[in-house]
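K.L.:
Sharing a structure, written as structure tokens. Questions coming.
The values are calculated or read from the model by the stated rules, or taken from the named source; none is laboratory data. Predicted, not measured: the structure shown is a model, and the values here were computed from it. In this analysis, Cβ positions are derived from the backbone assuming ideal geometry, glycine residues included, and neighbour counts consider all displayed protein chains.
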Amino acid sequence: MNKVFMCFTAISFFAIGASSAYAKQDGDDMPAAKARKWADSHFKEMDSNGDDAITKAEFDAFHTKHFQDIDSNGDGKLTREEMRDGHKEKREKAKGSRFEEADADHDNSISREEAKKLPRLSKHFDKIDANKDGKLERQELEASMEKMRQNRN
């Protein structure tokens, strides 16, 4: 269990570092700000007593809970599939919250004006707006993201 926990801890630190490395892309500073925001929220989530410091006990408790959340069959071990599925689920939740954050008027679409909060989205607005109605629906964003993933492979 200790080996798995240490591996999971290392992966967590790798994810923080990778998000920072990924943060500066396409000359867009906004992802760097998002990476800092994510790291800050991650820190706050670990800092259970709010003293602006993370004790080993807080660190261990946070990662133990995260481990348990990902360990879908509860056997005390993480398979590659559990890791992949756990991180996919986390990405899906984050994607939904980013959409809702940008959708200021809560009409289930993002207008050109609302997209200005997200420079990368704003930059590619016309390309993503498949039906050319001047707003982005979740389906259009998901289709665009899937197309980008396919182009990477």
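K.L.:
For Phe99, state whether it is surrounded by 12 or more Cβ atoms within 10 Å (Cβ to Cβ), touching a Leu at 6+ places or on another chain (Cβ under 9 Å) and part of a helix (DSSP H, G or I).
P.N.:
Considered against the rule, which asks whether it is surrounded by 12 or more Cβ atoms within 10 Å (Cβ to Cβ), touching a Leu at 6+ places or on another chain (Cβ under 9 Å) and part of a helix (DSSP H, G or I), Phe99 comes out as yes.
K.L.:
Name the single residue that is nearest to Arg120 (Cα to Cα) among those in the range 37-58 being part of a helix (DSSP H, G or I) and in contact (Cβ under 8 Å) with a residue 12 or more places away in the chain.
P.N.:
First, pick out the residues of the range 37-58 that are part of a helix (DSSP H, G or I): 37-46, 56-58.
Filter once more, keeping what is in contact (Cβ under 8 Å) with a residue 12 or more places away in the chain: 38-39, 42, 45-46, 58.
On the way: Trp38: 17, Ala39: 20, His42: 23, Glu45: 27, Met46: 30, Glu58: 35 Å.
Only one residue tops the list, namely Trp38.
K.L.:
Another question, then. For Lys37, state whether it is outside the structural domain of Leu141 (by TED's automatic domain parsing), under 18 Å from the mean Cα position of the chain (by Cα), under 27 Å from Leu136 (Cα atoms) and at pLDDT 75 or above.
P.N.:
yes
K.L.:
Testing Glu89 on (1) out of contact with any helix residue (DSSP H, G or I) (no Cβ under 6 Å at 6 or more places or on another chain); (2) surrounded by 11 or more Cβ atoms within 10 Å (Cβ to Cβ); (3) more than 30 Å from Ser48 (Cβ to Cβ), one condition comes back false. Which one is that?
P.N.:
Of everything listed in (1) out of contact with any helix residue (DSSP H, G or I) (no Cβ under 6 Å at 6 or more places or on another chain); (2) surrounded by 11 or more Cβ atoms within 10 Å (Cβ to Cβ); (3) more than 30 Å from Ser48 (Cβ to Cβ), Glu89 misses just condition (3).
K.L.:
Please indicate, with yes or no, whether at least one residue in the range 20-29 is farther than 30 Å from Lys135 by Cβ, modelled with pLDDT under 80 and not assigned by TED's automatic domain parsing to the domain that holds Glu137. Show your work before the answer.
P.N.:
Filtering the range 20-29 down to residues farther than 30 Å from Lys135 by Cβ leaves 20-21.
Now drop any that are not modelled with pLDDT under 80, which leaves 20-21.
Checking the rest, the ones that are also not assigned by TED's automatic domain parsing to the domain that holds Glu137 come to 20-21.
There is at least one residue in the range 20-29 that is farther than 30 Å from Lys135 by Cβ, modelled with pLDDT under 80 and not assigned by TED's automatic domain parsing to the domain that holds Glu137.
K.L.:
Of everything in the range 127-141 that's surrounded by fewer than 13 Cβ atoms within 10 Å (Cβ to Cβ) and assigned to a helix (DSSP H, G or I), which residue is modelled with the highest pLDDT?
P.N.:
Filtering the range 127-141 for residues that are surrounded by fewer than 13 Cβ atoms within 10 Å (Cβ to Cβ) and assigned to a helix (DSSP H, G or I), the one modelled with the highest pLDDT comes out as Lys127.
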